[in-house]
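The values are calculated or read from the model by the stated rules, or taken from the named source; none is laboratory data. All figures in this text were calculated on a predicted structure; none of them were measured in a lab. Positions of Cβ are backbone-derived with ideal geometry, glycine not excepted, and every protein chain shown enters the neighbour counts. Quick note on the areas: whole protein, heavy atoms, side chains included, nothing else; ligands and nucleic acids left out. Shrake-Rupley method; radii C 1.70, N 1.55, O 1.52, S 1.80 Å.
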Amino acid sequence: ASPITPRQEEILDRTLELVREGGLANLTMKKVAERVGFTEPALYRYYPTKQALVLGLLNRLEEMLLPRLRAEAADMSLPPVERLERMVSHHAGLIIDTDGLPFLLLAEASAAGDEVVIRRMSRMATGLLESLETVLGELPAAPGAPPPRKLVLPLLGFAAGLALQRRLVPEKSLAKEEALALIPLLVRRIT
């Protein structure tokens, strides 16, 4: 993909705000254009379709998630458990900072049957899961312990739970510091 322009960055920033406020179902090119201060035709020069705009948003989320996650996984100066804690903390922090947006996008894209968006999200999820599974695979396996691919699920489930809390019962959501403080306990229990 070619680098995006500062104007496209601004459009994605405003799109992120709109989707956080009302979800994909309420996102329109007209609303994005108004938020950015464009006419609709001007917006179409940067993103020719709503799907292109959503894919741009997913690219942004992937850039926020995967490079740091992969760097943490590759940091052999730390033991695997500490790397897992950092990886899960980064993922959870992103979920909190975006009010559960990745899970909202997945749910809405799945309900709408948007195969292009679903495949794009699948690619991002695969990168996340493979990174976690790789580090989990470095740990010594206890007799009878499940394989790393199964241990990934509770780690991913924590982030999903945070997203559900933030989207459905925000008044009961954990503060970011509270959620992040649980991660060492979660990782150490699982591993």
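Residues in the chain average 53 Å² of solvent-accessible surface per residue, probe 1.4 Å, ligands and nucleic acids excluded. Quick one: with all protein chains in place, what share of the accessible area of the chain is carbon or sulfur, to the nearest percent (1.4 Å probe)? Ligands and nucleic acids excluded, carbon and sulfur give 57 percent.
In summary, the aspartates and glutamates within cross-link reach of LYS176, defined as a Cα separation below 18 angstrom excluding same-chain residues under 8 places away, comprise GLU85, ASP97, ASP99.
How high is the FRET efficiency between LYS50 and ALA160 when r is their beta carbon distance and R₀ equals 25 Å, given to the nearest 0.05?
That gives a FRET efficiency of 0.45.
Dividing the mean sequence gap of close Cα pairs (under 8 Å, 6+ apart) by how many residues the stretch 1-115 holds gives a relative contact order of 26 percent. Structural descriptor for the stretch 126-191: relative contact order 32 percent, calculated from alpha carbon pairs under 8 angstrom and at least 6 residues apart. Between SER110 and VAL169, the distance separating the two model label sites (each 7 Å from Cα on the Cα→Cβ line) works out to 2.0 nm. Could you tell me which of rounded, prolate or oblate describes the stretch 86-191, using a ≥ b ≥ c as the square roots of the eigenvalues of the alpha-carbon gyration tensor, with rounded for a/c under 1.5 and, failing that, prolate when a/b is larger than b/c and oblate otherwise? Here the stretch 86-191 falls in the oblate category. Seen against the Cα atoms of the chain and their longest principal axis, helix 148-168 is set at about 50 degrees. Could you tell me the relative contact order of the stretch 1-53? Use alpha-carbon pairs under 8 Å, at least six residues apart, and round to a whole percent. Computed over the stretch 1-53, the figure is 30 percent. For the pair ALA141 and ALA74, the difference between a 0.36 nm per residue extended length and the Cα-Cα distance amounts to 22.1 nm. The C-alpha atoms of the chain define a longest principal axis, and helix 176-190 lies at about 40 degrees to it. Listed by chain and number, the lysines whose C-alpha is less than 27 Å from the C-alpha of LYS31, apart from same-chain residues fewer than 8 away, are LYS50. Taking the longest Cα principal axis of the chain as reference, the axis of helix 50-74 is set at about 30 degrees.
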